[in-house]
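The values are calculated or read from the model by the stated rules, or taken from the named source; none is laboratory data. Please read these numbers as outputs of a predicted model, since none were measured by experiment. Note: ideal-geometry Cβ built from the backbone for every residue, glycine included; neighbour counts use all protein chains shown. Ligands, DNA and RNA are stripped out before the accessible areas are found, and what is left, the full protein with its side chains, is counted by its heavy atoms. Shrake-Rupley method; radii C 1.70, N 1.55, O 1.52, S 1.80 Å.
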Amino acid sequence: MTTAVADAAHHVEHGPAKGFSRWLFTTNHKDIGTMYLIFSLTMFFVGGTMALIVRSELAQPGLQFVHPEFFNQMTTMHALVMIFGAIMPAFVGLANWMVPLQIGAPDMALPRMNNWSFWILPVAFCMLLSTLFMPGGAPAGGWTMYPPLVLQTGDSFPFLIFSIHLMGLSSIMGAINIIVTIVNMRTPQMVLIRMPLFAWAWLITAYLLLAVMPVLAGAVTMLLTDQFFGTSFFLAAGGGDPVMYQHIFWFFGHPEVYIMILPAFGIVSEIIPTFSRKPLFGHDSMVYALAAIAFLSFIVWAHHMFTVGMPLSGQMFFMFATMMISVPTGVKIFNWASTMWRGAMTFETPMLFALAFVFLFTIGGFSGLMLALVPADIQYHDSYFVVAHFHYVLVPGSLFALMGAAYYWLPKWTGHMYNETAGKVHFWLSAIFVNVLFFPMHFLGLAGMPRRIPDYSTQFADFNMVATIGAFGFGLSQLIFVYVLLTCKKGPPATAEVWDHPKGLEWTVPSPAPYHTFAEPPKVDRTVAFPKDYD
Amino acid sequence: MIRKSLTGLIGLVWAGGASADWALNMPQGVTDLSQETYDLHMMGFWVCTVIGVLVFGVMIFSLIKHRKTSGVAPAKFSHSTSAEVTWTIIPVIILVAMCIPAAKTMIKLEDTRNPDISIVVTGYQWRWHYAYQDQDLAFYSSLARPSLEARQLGSTIDPYSVDNYLLEVDRPMVVPVGAKVRVLLTSNDVIHAWWVPELALKKDAIPGMVNEIWFRAEHTGTVRGQCAELCGKDHGYMPIVVEVVEPDEFDKWLTANGGTPKAVAAAAK
Amino acid sequence: MNDKITSEAKNRSLVVQLLGWVVAMFSFGFFVLPPLYNVFCEITGFGGRTNTAAATVVETPDVNRTVRVEFVTSVNEYAPWEFTADTSSMDVHPGQMYYATFTAKNLTEVSKVAQAVPSISPIVASGHFKKIECFCFTSQDFSAHEQKEMPVQFILDTELPDYIDTVTLQYTFFDTQRVAAAN
Ligand SMILES: [Cu+2]
Ligand SMILES: [Cu+2]
């Protein structure tokens, strides 16, 4: 770490190194950001393939393709790969690229650690994916890894635990780096509250990561010691309690949900003002809402456990606390709507993804509100209604925000405008198929279909077929995104501003962003107006 | 509404939404509490629908009117304290209002007093075991043979040719209509969950622990459900069937299966 | 140059702080939460727990109130015991001491060790169900085919909320050797 800062300064004069060693040893935030983004896109397709295997099997009643054991491996691995391999690293990649550019810092504060935190990830996922070829197969007890079931996992069990440790380590290192960068490396005039919302969202997310990833590490370590070292944290026979695992897991798990959505809120708060040609409405209340959501996320975990048996007072507390989360979340939605109100909107691909985010994430929020009502939750819990709910939050939520961010900043990264037509086709196909895929799942859940089952009664057949069609449509549409990326270099050159007078320091550097930016801290003044400057 | 409009939005034309296969909503069930649960679900749904129509309406209006191509100059405002306070306070009031009826139902759900029958239900990988506490009757209940044969990978039996595919058992749980049935849940191995949508009941069966729920079925008939907590490879194959019968029929069933009828069943009516 | 050194020092101190935070959260999850959860469960009865060591209580019978105590027995993972309660239920007065007996028989040719795990429902009752003597306090040795009568002495305290009329006490028999072998 000592040499790292000096290193960054030393390299100021040089461009990137040549060949593979550039990527292996790089400490440049842009290189590392790019690697994170490419890694997460790869994992997105790996996890997506698993999802398509799941949806293929579920297309019709009866087993057509896979055994139930393998089906369970697919659902488990799909979740782990998508959460820890696709969504989270993609946000970290964006943070790497954009946080220093947005706050006028020359690089991340801890470039060497930045390199390690990335390279841990491919190792962790090679380990996790290798379990597919082990005797007994990959983990099949669900990504939530509830004991005692998870203790029935075969040879892959220690690899599962160890890969989660590595992913956690990577996230923690990334989070520390982001916090130190934001706290210590902002350009001198940028006061914290006026910082752009993407950086703000990430600052809060990073603190959430530091608070809960160690707890997850603790929980899975207890699983490991219960399995191999004779402890009984979760074994009733030895005086332990399997329900305690669920409490600890969801103490991590609910903030984890916000770890996957707060940076998305930040992205949408960047995109909507740009294409509305209006300052973000209520910049400060957006920040307070983020902080309120982060705080509340620590006191609602047991809403995932209304069916385990809990005293009435506990149920009521968790119901009410959960409902309260919709207040700051509502503030965000209303603020976005107000940002659009009386703007002069245009609908380029990033804006389309951001708008779809606002509409469809809200639907996920609505089903979340319904899930908070305990008696109704008892019906929804572990049914396809829940599957629909969290996929609405994560796919047209987190993923759409990521796609929007990619289109929004791609010209800044590559120096070329992407193919707008292809981007729009990508958007519309994604937006249509994501609903074909996930909306029918609400009906399936209400009609009584449990989640995580490889086969179902014939009454559920029709909507499952619709969902499977949607899944293939959605999955194939994502190939257009790859096409957009591959053809981007052929597009017309992008200006420094790229869009129509966007606000923020990232638009003051040329496109593509030079390998080293902001060697001298930039001046922040009205020309790179921050929200308050509109007053 | 949202649901309907979105159904339209995704551009799918359902042929006759009335057929059972396209069931859209939660069943109202066969107990008073399942009806209350359904009502709460619908309350949540309508509150969301109204808010959704308002918020989406405003946004769609904005999307149509406030676009650059219509030649408008963007406004400059960036906050409004009164608006922000309003849309913080109003949701709080709505949420508190929603919690009240929910809390009332929750209290009833926990009221396991004075049961007429107690049945211990134990989850096994992968079947259920029912033990009638005072009737000296206990048995396993597994997936019925026709479903079992049709469910295999590579099976040539068409699932549509099997009655209640995957939702039929060899020995159902039988209860008298109108009796307060207390179900005590536990597990032999991993965590399972006993879920019957028509009873609006779902509770985890946890090894080394006992959980309780209750129901009072208002009509005779058969209701079906499934294990709801992932419990291993055959998690999808441990259905629940509850037959609700007249009390005298229940006594007959008990006798025929080697149990001892108690006066409870009669007292229930 | 001075700038660089101060910024480095600033970074280092913040990193140390944040790492301290990470270590604290891990320790919280691993070392603090489990005992905290156990204490919490024992106080509130959360999770249907009851006391795991003999309780000392004073008898103050409330003869005007009768509560039904039901007994449920299970064996985990088909453990080789026949395990039953001698009576399926008892009517008791809160504040008065009672005895119940359970019978277990080892169904195998070899000696076995069992651990009985108690659980109470409804959850709110579990803090009020006190065991003075219980076969669940220690593990139980069974020689081949041995049959044992095992007593439990308990009291329902008078604080038991008055809306509770039935309390279920469940014991699950675990084969401790099998649990150890699995480890
Ligand atoms: Cu949650
Ligand atoms: Cu099960």
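So is B:Pro261 open to solvent by 20 Å² or more (accessible area, probe 1.4 Å), in contact with a helix residue (DSSP H, G or I) (Cβ under 6 Å, 6 or more places away or on another chain) and not charged (D, E, K, R) or not?
On the way: open to solvent by 20 Å² or more (accessible area, probe 1.4 Å): yes; in contact with a helix residue (DSSP H, G or I) (Cβ under 6 Å, 6 or more places away or on another chain): yes; not charged (D, E, K, R): yes.
Yes, satisfied.
Are there any pairs, at least 6 apart or on different chains, whose C-beta atoms fall under 7 Å, with the first in the stretch A:47-70 and open to solvent by 20 Å² or more (accessible area, probe 1.4 Å) and the second part of a loop (DSSP other than H, G, I, E, B), and if so, which?
A:Ile53/A:Val66; A:Ser56/A:Phe65; A:His67/B:Leu153; A:Glu69/A:Gly137; A:Glu69/A:Ala140; A:Glu69/B:Lys233; A:Phe70/A:Gly137
From the list A:Phe347, A:Phe318, exactly one residue is open to solvent by 10 Å² or more (accessible area, probe 1.4 Å), more than 16 Å from ligand 2 (Cβ to nearest atom) and in a helix (DSSP H, G or I). Which is it?
That would be A:Phe318, the only listed residue that is open to solvent by 10 Å² or more (accessible area, probe 1.4 Å), more than 16 Å from ligand 2 (Cβ to nearest atom) and in a helix (DSSP H, G or I).
Of all the residues that make up the stretch A:368-388, how many are under 26 Å from A:Ser477 (Cα atoms) and either surrounded by 24 or more Cβ atoms within 10 Å (Cβ to Cβ) or free of Cβ contacts under 8 Å to residues at least 24 places away in the same chain (or both)? Give the derivation first.
Step one: list which residues in the stretch A:368-388 are under 26 Å from A:Ser477 (Cα atoms), which gives A:384-388.
In the following step, the residues that additionally are either surrounded by 24 or more Cβ atoms within 10 Å (Cβ to Cβ) or free of Cβ contacts under 8 Å to residues at least 24 places away in the same chain (or both) were identified as A:384-385, A:388.
The total comes to 3.
From the list A:Gly240, A:Gly230, which one is away from ligand 1 (no atom under 16 Å from the Cβ), open to solvent by less than 30 Å² (accessible area, probe 1.4 Å), modelled with pLDDT under 95 and within 11 Å of another protein chain (Cβ to nearest Cβ)?
On the way: A:Gly230 fails: open to solvent by less than 30 Å² (accessible area, probe 1.4 Å).
Going through A:Gly240, A:Gly230 in turn, just one is away from ligand 1 (no atom under 16 Å from the Cβ), open to solvent by less than 30 Å² (accessible area, probe 1.4 Å), modelled with pLDDT under 95 and within 11 Å of another protein chain (Cβ to nearest Cβ): A:Gly240.
Any idea how many residues of the stretch A:20-37 are in contact (Cβ under 8 Å) with a residue 12 or more places away in the chain and part of a helix (DSSP H, G or I)?
Adding up the residues that qualify gives 12.
Please go through the stretch A:204-227 and pick out each residue that is open to solvent by less than 10 Å² (accessible area, probe 1.4 Å) and either of a type in the set (Asp, Glu) or closer than 30 Å to A:Pro522 by Cβ (or both).
If the condition is that a residue be open to solvent by less than 10 Å² (accessible area, probe 1.4 Å) and either of a type in the set (Asp, Glu) or closer than 30 Å to A:Pro522 by Cβ (or both), then A:Thr205, A:Ala206, A:Leu208, A:Leu209, A:Leu210, A:Asp226 are the ones that fit.
Restricting the stretch B:73-109 to residues that are crowded, with 19+ Cβ neighbours inside 10 Å and not hydrophobic (A, V, I, L, M, F, W, C), which is farthest from ligand 1 (Cβ to nearest atom)?
For the stretch B:73-109, the residue satisfying everything is B:Ser78.
For B:Tyr237, are the conditions met, namely being within 9 Å of chain A (Cβ to nearest Cβ) and either free of Cβ contacts under 8 Å to residues at least 12 places away in the same chain or more than 16 Å from ligand 2 (Cβ to nearest atom) (or both)?
Details: within 9 Å of chain A (Cβ to nearest Cβ): yes; either free of Cβ contacts under 8 Å to residues at least 12 places away in the same chain or more than 16 Å from ligand 2 (Cβ to nearest atom) (or both): no.
Here the answer is no, as B:Tyr237 does not meet what is asked.
Please specify each residue of the stretch A:113-137 satisfying the condition of being more than 23 Å from the chain's Cα centre (by Cα) and crowded, with 18+ Cβ neighbours inside 10 Å.
Taking the stretch A:113-137 as the starting set, the residues that turn out to be more than 23 Å from the chain's Cα centre (by Cα) are A:130-137.
Within the stretch A:113-137, A:Thr131, A:Gly137 qualify.
Testing A:Ser285 on (1) open to solvent by 10 Å² or more (accessible area, probe 1.4 Å); (2) within 16 Å of ligand 2 (Cβ to nearest atom); (3) of a type in the set (S, T, N, Q), one condition comes back false. Which one is that?
(2)
How many residues does the stretch A:413-456 hold that are part of a strand (DSSP E or B) and surrounded by fewer than 24 Cβ atoms within 10 Å (Cβ to Cβ)?
Selection size over the stretch A:413-456: 1.
Condition check: among the hydrophobic types (A, V, I, L, M, F, W, C) and at the interface with chain A (Cβ under 7 Å from one of its Cβ atoms). Does B:Val72 satisfy that? Step through it out loud before you land on a result.
On the way: among the hydrophobic types (A, V, I, L, M, F, W, C): yes; at the interface with chain A (Cβ under 7 Å from one of its Cβ atoms): yes.
Yes; evaluated as a whole, the condition is true for this residue.
Taking the conditions exactly as written (more than 28 Å from C:Glu77 (Cα to Cα), open to solvent by less than 20 Å² (accessible area, probe 1.4 Å) and either part of a loop (DSSP other than H, G, I, E, B) or not polar (S, T, N, Q) (or both)), does B:Tyr160 satisfy them or not?
For B:Tyr160, the condition - more than 28 Å from C:Glu77 (Cα to Cα), open to solvent by less than 20 Å² (accessible area, probe 1.4 Å) and either part of a loop (DSSP other than H, G, I, E, B) or not polar (S, T, N, Q) (or both) - is not met.
Based on what the data block shows, is B:Arg151 within 21 Å of A:Ser457 (Cβ to Cβ), within 16 Å of ligand 2 (Cβ to nearest atom), assigned by TED's automatic domain parsing to the domain that holds B:Val121 and open to solvent by 10 Å² or more (accessible area, probe 1.4 Å)?
So B:Arg151 passes the test.
Go through the stretch C:53-98 and tell me which strands (runs of 3 or more DSSP E), entirely inside it, have 3 or more residues that are of a type in the set (Phe, Trp, Tyr) and within 25 Å of B:His192 (Cα to Cα). Break it down stepwise before answering.
Working: elements: C:67-75, C:81-85, C:89-92.
Filter on the stretch C:53-98 gives an empty set.
Considering only residues that are within 14 Å of chain A (Cβ to nearest Cβ) and open to solvent by 40 Å² or more (accessible area, probe 1.4 Å), look in the stretch B:126-148 and name the one that is nearest to B:Asp234 (Cα to Cα).
Top of the filtered list is B:Trp126.
What residue, among those in the stretch B:174-204 that are over 17 Å from the mean Cα position of the chain (by Cα) and within 16 Å of ligand 2 (Cβ to nearest atom), is farthest from the other protein chains (Cβ to nearest Cβ)?
B:Ser187
Take the stretch A:297-307 and flag every residue that is crowded, with 21+ Cβ neighbours inside 10 Å and out of contact with any Ser or Thr (no Cβ under 7 Å at 6 or more places or on another chain). Walk me through it before giving the result.
Within the stretch A:297-307, the subset crowded, with 21+ Cβ neighbours inside 10 Å is A:297, A:300-304, A:306-307.
A:Ser297, A:Trp301, A:Ala302, A:His304, A:Phe306, A:Thr307, listed by residue number.
So, B:Thr37, is that one hydroxyl-bearing (Ser, Thr, Tyr) and more than 9 Å from every other protein chain (Cβ to nearest Cβ) or not?
Spelling it out, it is not the case that B:Thr37 is hydroxyl-bearing (Ser, Thr, Tyr) and more than 9 Å from every other protein chain (Cβ to nearest Cβ).
List the residue pairs whose Cβ atoms are under 7 Å apart, where the first residue sits in the stretch B:252-269 and is modelled with pLDDT of 60 or more and of a type in the set (Phe, Trp, Tyr), the second is surrounded by 13 or more Cβ atoms within 10 Å (Cβ to Cβ) and not in a helix (DSSP H, G or I), and the two are 6 or more positions apart or on different chains.
Short answer, once both residue conditions are applied: B:Trp253/B:Val174; B:Trp253/B:Val245.
Starting from the stretch A:503-518, take each residue that is touching a residue at least 24 places away in the same chain (Cβ under 8 Å) and list its partners that are among the acidic types (Asp, Glu), counting only C-beta distances under 7 angstrom and pairs at least six apart or across chains.
That search, which allows pairs on different chains as well, returns A:Trp507/A:Glu497.
Under 7 Å between Cβ atoms, which residue pairs at least 6 apart in sequence (or on different chains) link something in the stretch A:295-309 that is within 11 Å of ligand 1 (Cβ to nearest atom) with a partner that is open to solvent by 30 Å² or more (accessible area, probe 1.4 Å)?
Pairs that qualify, where the first residue is within 11 Å of ligand 1 (Cβ to nearest atom) and the partner is open to solvent by 30 Å² or more (accessible area, probe 1.4 Å), are A:Leu296/A:Met324; A:Trp301/A:Phe251.
Report whether or not B:Val210 is away from ligand 1 (no atom under 16 Å from the Cβ), modelled with pLDDT of 95 or more and within 27 Å of the chain's Cα centre (by Cα).
The answer is no for B:Val210.
Looking only at residues in the stretch B:171-214 that are charged (D, E, K, R) and part of a loop (DSSP other than H, G, I, E, B), which one is surrounded by the fewest Cβ atoms within 10 Å (Cβ to Cβ)?
B:Arg171
Only residues that are farther than 20 Å from A:Phe460 by Cβ and away from ligand 2 (no atom under 15 Å from the Cβ): list them for the stretch B:217-234, please.
Across the stretch B:217-234, the qualifying residues are B:Ala217, B:Glu218, B:His219, B:Thr220, B:Gly221.
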